[in-house]
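Right, one structure below, let's go through it.
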Amino acid sequence: MQSTVQPTNVTAFPALKPGFHLAPLAVGAPGDGQQVVYVECPDWCSEDHVANFVHFLEDVDHKGDELTVAIPSFWNDKDVAYQLTAALSSDPLSTDLQMQAAHIVMGDSGSVDAYLTPDMAEGVADSLIKMACKLREVARTARLHNQFEVAQAVTA
Ligand SMILES: [Zn+2]
């Protein structure tokens, strides 16, 4: 019978949680002191943790792709009037459990951001869907109103 020799110089590699991968992270400002370490990163995270370095390991945030809705104004053809954004986020080393957990950050690119639990985000999504349906309705009303006004002007 063959005996199996167990190696003594092997260290068990820490297992990754499902839905996570190891990502390189730059710690410290670019230059001599910057180090690249590997952190557990959720698969939904699209952050480039090397290009967007952190000064301290505790500062690492995971962020998903930003969703945006741009709201134009016919008074300004160069910039949008409002830009509503939403992104999945997680701050794994925060002392706040809601910030540690995956949550959604919404903002309008200027004022204070809103932090939403998944339940809160679903409630906001329901409200946005209702508003979008009403927005189509008022757009149709405005179009009909304007067509009536043009027809009145032609026949007057
Ligand atoms: Zn990440």
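Every number in this text was worked out from the coordinates using simple rules, so none of it is lab data. Not measured: the values here are computed from a predicted model. All Cβ positions, even for glycine, are placed from backbone atoms using ideal geometry, and neighbour counts span all protein chains on display.
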Under Karplus coefficients 6.51, -1.76 and 1.60, residue-wise ³J(HN,Hα) of the range 67-80 in Hz, glycine/proline x: 8, 9, 10, 9, 10, x, 9, 6, 8, 8, 8, 9, 10, 6
Estimated [θ] at 222 nm from DSSP helical runs (n ≥ 4, -39500 (n - 2.57)) normalised by residues in the chain, nearest 500: -9500 deg cm²/dmol
Potential extension, residue 150-residue 136 segment - 0.36 nm per residue separation minus Cα distance: 2.9 nm
Most mobile listed residue (29, 121, 15) in the chain, GNM with C-alpha springs under 10 Å: 15
Derived scalar couplings ³J(HN,Hα) [the range 129-139; Karplus, 6.51 cos²θ - 1.76 cosθ + 1.60; whole Hz; x for Gly, Pro]: 5, 4, 5, 4, 5, 5, 5, 4, 4, 6, 5
Unit Cα scatterers, Debye sum, the chain: log10 I(q)/I(0) for q = 0.10, 0.13, 0.21 Å⁻¹: -0.61, -0.84, -1.36
Stretchable slack from residue 128 to residue 101, in nm (0.36 nm times residue separation minus alpha-carbon distance): 7.3 nm
Among 142, 34, 4 - extreme Cα towards positive end, dipole of the chain, charges at beta-carbon: 142
Positive-end extreme of charge dipole, the range 62-152 - chosen from 68, 80, 115 (charges on Cβ): 80
Per-residue ³J(HN,Hα) for the range 40-47, Karplus 6.51 cos²θ - 1.76 cosθ + 1.60, θ = phi - 60°, Hz, x for Gly and Pro: 6, 10, x, 4, 7, 6, 10, 6
Extension gain from residue 79 to residue 66, taking 0.36 nm per residue of separation minus the Cα-Cα distance: 2.8 nm
